[in-house]
1. Modelling each spin label as a point 7 Å along the Cα-to-Cβ direction, I'd like the residue A:153/residue A:307 distance in nm, to one decimal.
2. Quick check: from the Cα gyration tensor, does the range A:173-296 come out rounded (a/c under 1.5), prolate or oblate?
3. Taking a label point 7 Å from Cα toward Cβ, how far is residue B:26 from its twins in the other copies, in nm, shortest first?
4. Simple spin-label model, 7 Å along Cα-to-Cβ: residue A:429 to residue B:279 in nm?
5. If neighbour count is taken as other Cβ atoms inside 10 Å, put A:190, A:155 in order from fewest to most.
6. What's the FRET efficiency of residue B:164 with residue A:352 using the Cβ-Cβ distance as r and R₀ = 56 Å, to the nearest 0.05?
7. Over the whole of B:35-48, what's the average partner chain Cβ count within 10 Å per residue? Rounded to a whole number, please.
8. Please report how far the C-alpha centroid of the range A:200-222 lies from that of the range A:19-35, rounded to the nearest whole angstrom.
């Protein structure tokens, strides 16, 4: 990957036209476009036309890798070589109730693999890791790169937000995609995710690509396409990358809302928590430990993760990380120190039967309505509000039985959330004929894991 | 065509997404987008993404008409109802050596139909009517709408440049298309042309859609598609519109360059000039007079045009128009009063044979190189330079015989132009098997002319 000389000048109009007409852009053209845009030498209106052409024409694999690489190298690439352990991260495409990052960072670090995790905030119906962490009083996600590196050395895991130094091209491009209808392109999503993650200085990456009613990719075929794109892009850039296509047709776990999700994270780190969340965390941790080289199979990684939880070391690690990042460690042992909503309201079933489905996007939107998420980027988040599901898909219910509890601070919001939540539950006369698996498939292209059973 | 209430708010992002996904936009959505953009309420970067989506997804006929209508109504629509005669204009999609507008305005006006002609400047390899007019010393194309109306009443024809009052949306959109690779969409071309032309307050319009090596639409199928789109759009807006698909595979006439083209215009108005130019002018004038209601067939219109030329009334009308617009009328009778280049250079044939083709775009570019056209919008134009072709397609040539004369002011430019011009002539051993017709086809959708022979 030799850099194109800066003196080599392309013209934006030619690059736009070439993509518009379905041509394959060269690495030099893509690098030039990304760098010139990041520097401010190409105006937004030319890049937005190019983004729409990419959206509708697509990109070859080599183009996607070149775009990822150019975005990655638009800023700082962390050098964590002074840390002897392998560095492995996990990325999720987002869902409702997905709090696995908060479990995985301390769990995997406690098992001997360093987790340098740079995350985002919630937008739309999905939550964000940073918002969840900030529900812990005092927790600071805004560390400098130097502080991040020190914390990683000391604790083995650290969870921060995007910094100005990392992939500035992605920040600028994402803001433009957001207002020009060019977010949902798998090529652009791949480059955005992979450029930020690979800038973390990691050796390997586990991708959790969600599919179902609560995911951005509703169809499994779309999720698979994106997963393959990301795995191949990572491979082209010399990293071990595995993608798990996992179910997001109902919320993950039972708690949705920032402080409530921290409570559920602590439950899992204590060895409890809802089955689906616990299972997914063990599966992802198994892969992270395997790619991190401390176990020789995913199964061994899962077993080791269970031991680390059982021994209390995973929870200790979480407590240590919280303390290092300025959070109140007492909140880990006494959930009453987490923000709590003032009022509760229940949603009950109007009939006997079985939960046939829970429309996750509606549940996520109900949480946003309560104030627990953002409709616009500039909105602030109320960490205390949320929803606890008492029934999940397949569970039997009786008329009058409570399906969910709403934790709220403002009555009108609660009424709207309740209406949506009621609609999100489908109750059928008989149990669902088949349940969706938690892990739909695993996509791993690098030789060590290709075709491996787990 | 009822206006959408201004209070009805759409969101740019929704309109972009709908077009991106291949949906058909409503008249309300299109009107809102055009008006909000013209007012400055939507940023360039959103509109450029929308333009690229239109480019790649296309538009339904109703959308194209709605876009044309919204652009037309973004500014003033001239009210020429105080002029009793019918108002008819002609528009050409542009070519090399196409000076028909300068012949047609006085010719048709002399025959009793008013021609309110608003034209453009040359860009790329094609010339522009305004640049040609400005080769006449003193000629002023920058009249106000009030001056334009007065001149039309007095003279029956007037030729000016785009004013700020007419179709401001087109000016803004065209500038954005020019830098975002979205010029060549037939839907956007149609809306741009038709919105400006129908804002002239005309009753009917004759379109000259060029096809061949010197045209923007190289393929006849593309030219036909655009012509049908414009004819149907005009019909939907209640105007009589006819499109002639005409040949631009070799330059039109023999002279290319602004002052030289004025000379050739005068030749035609005197009853001479090259056969192809004269023929095309008579054909277009025939249609304009027929649509203008002063003759009952195109054939009668052609005959009347010949009479008006033979009587000298067409040239008198040209002289009157030039004088009314501040030009020196003596230049009409004494071409030495037009700007003349200082030097000449000839291009000769290196072998015996027949002219098989003349690559028009290269001829046009040679004229631009001499300084007779613009590479960029801000370039100024040298009216005196140009090219005279002594041979056209099908003509026999001997080795050493002159093919063309270059009129130039700067030697290095002349050398480059000569090289290109030499390449543009293809000499074959035998005459071309078939010659391309001047008029490829006529597209007329309104009942009075549908299927009419001419």
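Values quoted throughout were computed directly from the atomic coordinates according to the rules given, and no laboratory measurement underlies them. Note that the structure is a prediction, hence the values are computed from the model and not measured. Virtual Cβ from ideal backbone geometry, glycine too; neighbours counted across all protein chains shown.
1. 2.9
2. Oblate is the answer for the range A:173-296, as a/c is 1.5 or above yet b/c matches or exceeds a/b.
3. Between copies, matching label points for residue B:26 lie 4.8 nm apart.
4. In this crude spin-label approximation the distance works out to 8.1 nm.
5. A:155, A:190
6. Taking R0 as 56 Å, the efficiency between residue B:164 and residue A:352 is 0.20.
7. Mean shielding by partner chains, rounded to a whole number: 3.
8. Answer, in whole Å: 26.
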